[in-house]
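Notes to accompany the following structure.
The values are calculated or read from the model by the stated rules, or taken from the named source; none is laboratory data. Predicted, not measured: the structure shown is a model, and the values here were computed from it. A quick note on method: Cβ atoms are made from the backbone with ideal geometry, for glycine too, and the neighbour counts reach across all protein chains shown. Accessible surface areas use protein heavy atoms only, side chains included; no ligands, DNA or RNA. Shrake-Rupley method; radii C 1.70, N 1.55, O 1.52, S 1.80 Å.
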Protein chains: 2
Amino acid sequence: MSRIAYVNGLYVPFESAAVHVEDRGYQFADGVYEVIAVHKGRMVDADPHFDRLWRSLAELSIDPAMSREALAHVLLETLRRNRLREGILYLQMTRGVAKRDHGFPKEPRTALVITARRGGRPSPKGMEDGVEVLMVPDIRWDRCNIKSVSLLPNVLAKQAAREGGAFEAWQVDKDGFVTEGSSTNAWIVDGDGNLVTRQLESAILSGIIRLVLQDLAASAGIKVIERAFTADEARDASEAFLTSTTSFVLPVVRIDGEPIGDGLPGPVTKKLRELYDGHFEGRGRNSP
Amino acid sequence: MSRIAYVNGLYVPFESAAVHVEDRGYQFADGVYEVIAVHKGRMVDADPHFDRLWRSLAELSIDPAMSREALAHVLLETLRRNRLREGILYLQMTRGVAKRDHGFPKEPRTALVITARRGGRPSPKGMEDGVEVLMVPDIRWDRCNIKSVSLLPNVLAKQAAREGGAFEAWQVDKDGFVTEGSSTNAWIVDGDGNLVTRQLESAILSGIIRLVLQDLAASAGIKVIERAFTADEARDASEAFLTSTTSFVLPVVRIDGEPIGDGLPGPVTKKLRELYDGHFEGRGRNSP
């Protein structure tokens, strides 16, 4: 069966899904996006994804392409037309097509593109083996709390990680503190068994798994401390892990080639992954 | 006559000029661009534009879509098909279409889009009246020397200027020094009649007019000092101006609502504009 994409009101074959060369997403990175997991034919945690999307749009003064209800409908229709039960939905809204000029167009018409991709949960092997992380300088702009498509620095960070044989890059700010991964949030477990992850501010994106995990941890009696931690602190942590919509909870067992703790996934990380798996199985919260 | 665009090997009507939704320019801002002025049917200063384009591509490890010679040919052919004598050429190269993933694709195929737009020189009114500039914090990433399409912060800066009634925003770094405009380079004239503009480094783009003007100034016996200047220094300067491919040399007569000097375009700025006009009339250097 061929894939179907949604592009500005039309459901089209994926191969011919295209946007105009003067779409501001293409010329200015003037747009935002979300990646939503799909399980058993339903979106996982759609509501917090929608909340974040609306926040990103508001930060950039981009009008939503449609209401939340209409967007949920179109996303589900895209699933249906792709007969997708397990995988991800990608959606992007930009400030639309306009004669090239840096400032906002006078009458912007927000563009919306949605694609669906088949795929299962993260492989259990990642959970058994853990992954390596490389520390790189955070060279991004000052508004990383906006989920924009201005992702070039993230691309370069991810590529640096891969070329260094690692799965992900953790970006380190000018004061030596870890901000987040190139497409994931960063966590450590401190000596007291508490979770530590950076507080929400303009230097990091409010990850949906990051959000969900705070509640899951609390329900299991695991304390979460929101504060910045240094790269050195991460190297000396008893456990470390990363979270994202596609990676779930993934143990980090090496940083820059050196093992974290005994170099194996730790018990707190395993517990959190189990909790998240259960949450995912129930399709998260408020999911159309 | 309808406009023609070049898209990945084909000359197509501008209205239908499109790229795939998984072009990395659209999803990751993973691409670079140039804007080249056209005068009397020829490109102005094509060589330095090409030099800069090749530098930007190299910084991002993007393979050029074709040789310089072939690119020059395609640009001229685009002019010809548009019967364009006066205006601008816009060209964008991205890391091409690939299944969405932050890291570089294994077999990237660089995409190339070219559009042409009719237009004359900047209106003489701007030169007579000058323009206003607004100072805004520079919130961009650390590699502004790369002419990437990751332009969202520039979009926000330009929009802030317009909403404040100004023509351009001058971005100010964390130490209080002006970096550059959202789409222009920033210059002041100091008390001794010397030109001051920020030195080349990762905080600014090497503007082509900036480059050309240094030679033109030298030939006229005007000294150019490459150093960072503060926002306060700019406010107290005897003259200020900005440069870009589409603005040429444009006097800045107000900053944040306050006049520079007597609030009128100054003699050094006028002289430089005359020199640049002459350079442009001769179609710049090395222009196919």
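Other residues with beta-carbon under 9 Å from the beta-carbon of residue B:250 carry, at +1 per Lys or Arg and -1 per Asp or Glu, a net charge of 0. Couplings 3J(HN,Hα) of the stretch A:121-138, computed from phi: 5, x, 4, x, 4, x, 6, 6, 8, x, 10, 9, 10, 10, 8, 10, x, 7 Hz, in residue order, whole Hz [Karplus 6.51 cos²θ - 1.76 cosθ + 1.60, θ = phi - 60°; x for Gly and Pro].
For the protein assembly as shown, what does the helix formula give at 222 nm: sum of -39500 (n - 2.57) over DSSP H segments with n ≥ 4, over the residue count, nearest 500 deg cm²/dmol?
Values: 16 runs with 168 residues, N = 576.
After summing the helix terms and dividing by the residues of the protein assembly as shown, the value is -8500 deg cm²/dmol.
For the stretch A:259-274, putting each phi into the Karplus relation 6.51 cos²θ - 1.76 cosθ + 1.60 with θ = phi - 60° gives couplings of x, 8, x, 8, x, 10, x, x, x, 5, 4, 4, 4, 5, 5, 4 Hz, in residue order, rounded to whole numbers and with x for Gly and Pro. Got the relative contact order for the stretch A:169-258 handy, in percent, Cα pairs under 8 Å and 6 or more residues apart? Relative contact order comes out at 32 percent. Near residue B:223: Cβ cut-off under 15 Å, other residues only, Lys/Arg at +1 and Asp/Glu at -1. The net charge is -3.
Take every residue in peptide A:27-39, count the Cβ atoms of other chains within 10 Å of its Cβ, and give the average of those counts. It would help to have the intermediate numbers written out before the result.
Values: counts 12, 9, 15, 7, 4, 1, 4, 0, 1, 0, 0, 0, 0.
Taking the mean over all residues of the peptide, I get 4.
When only C-alpha pairs under 8 Å and at least 6 residues apart count, what is the relative contact order of chain B, in percent? Over chain B, the number comes to 20 percent.
Could you list the residues of the stretch A:11-25 with an amide nitrogen less than 19 Å from a label point located 7 Å from the Cα of residue B:16 in the Cα-to-C-beta direction? So the set is A:11-23. Heavy-atom surface analysis with a 1.4 Å probe gives the stretch A:4-118 a carbon and sulfur content of 49 percent of its accessible area.
Once fully extended, how much extra length lies between residue B:256 and residue B:225, figured as 0.36 nm per residue of separation less the alpha-carbon to alpha-carbon distance? Please report the intermediate quantities before stating the final value.
Details: separation 31, 0.36 × 31 = 11.16 nm, distance 2.45 nm.
Taking residue B:256 through residue B:225 to full extension adds about 8.7 nm, to one decimal.
Rounded to the nearest 5, what is the percent of antiparallel bridges among the DSSP beta bridges in chain B? Don't jump to the answer; show the numbers that get you there.
Working: 43 of 54 bridges.
Counting only bridges with both partners in chain B, antiparallel ones make up about 80 percent.
Can you tell me how chain B classifies by the Cα gyration tensor, rounded, prolate or oblate, using a/c under 1.5 as the rounded cut? Verdict is prolate for chain B. Sorted shortest first, the distances from the residue B:224 label point to those of the same residue in the other copies are 5.4 nm; each point sits 7 Å from Cα along Cα-to-Cβ. Highest-first packing order for the peptide set A:201-209, B:21-29 is B:21-29, A:201-209, based on the mean count of other beta carbon atoms within 10 Å.
Taking the DSSP beta bridges in the protein assembly as shown as the whole, what percent of them are antiparallel, to the nearest 5? Roughly 80 percent of the beta bridges in the protein assembly as shown run antiparallel, per DSSP.
So, counting K/R as plus one and D/E as minus one, what does the shell of residues with Cβ under 14 Å around residue A:161 add up to? Walk me through the numbers on the way to the answer.
On the way: positive: A:158, A:162, A:254; negative: A:132, A:138, A:163, A:168, A:180, A:256, B:101.
Cβ neighbours under 14 Å give a net charge of -4.
Both numbers refer to the Cα atoms of the stretch B:178-230; Rg and Dmax are 10.7, 29 Å.
With respect to the cross-link table entries B:106/B:158; A:106/B:99; A:147/B:147; A:99/B:271, which display a Cα-Cα separation exceeding 29 Å? Present the calculation step by step, with values, prior to reporting the outcome.
Numbers: B:106/B:158 36 Å; A:106/B:99 34 Å; A:147/B:147 22 Å; A:99/B:271 32 Å.
Those over the limit are B:106/B:158; A:106/B:99; A:99/B:271.
Shape class of the stretch B:79-171 from the Cα gyration tensor (axes a ≥ b ≥ c, square roots of the eigenvalues): oblate, since a/c reaches 1.5 or more and a/b does not exceed b/c.
Relative contact order for the stretch B:17-168: what is it in percent, counting Cα pairs under 8 Å that are at least 6 residues apart? Mind showing how you got there, number by number?
Working: 210 pairs, mean separation 44.5, N = 152.
Worked out over the stretch B:17-168, it gives 29 percent.
Other protein chain C-beta atoms within 10 Å of residue C-beta, averaged over A:96-103: 5.
Near the amide H of residue B:256, within less than 5 Å, lie the amide hydrogens of B:133, B:134, B:135, all on another chain or at least 5 residues away, with H placed in the peptide plane.
Annotation: the protein assembly as shown has a Kirkwood hydrodynamic radius of 25.3 angstrom, from the mean reciprocal C-alpha pair distance.
With the label 7 angstrom out along Cα to Cβ, how close does residue B:120 come to the same site in each of the other copies, in nm, nearest first? Ordered by increasing distance: 6.7 nm.
Shown in residue order for the stretch A:200-212 are the 3J(HN,Hα) couplings computed by the Karplus curve 6.51 cos²θ - 1.76 cosθ + 1.60 at θ = phi - 60°: 5, 6, 5, 7, 9, 8, 7, x, 6, 5, 4, 5, 4 Hz (x for Gly and Pro).
Can you tell me the accessible area per residue over the stretch A:124-281, all protein chains present, probe 1.4 angstrom, in square angstrom?
On the way: 5870 Å² over 158 residues.
Ligands and nucleic acids excluded, the result is 37 Å² per residue.
What separates the residue B:70 label point from its copies, with the point 7 Å along Cα to Cβ, is 4.4 nm, written shortest first.
Give me the extension gain from residue B:51 to residue B:70: residue separation times 0.36 nm, minus the current Cα-Cα distance, reported in nm with one decimal.
On the way: separation 19, 0.36 × 19 = 6.84 nm, distance 1.45 nm.
Here the segment from residue B:51 to residue B:70 would lengthen by 5.4 nm.
Give the A-B buried accessible area in Å², both sides summed, 1.4 Å probe, nearest 100. Don't skip to the end; give the middle numbers.
Values: alone 13620 and 13660 Å², together 22580 Å².
So the buried area, both faces added, is about 4700 Å².
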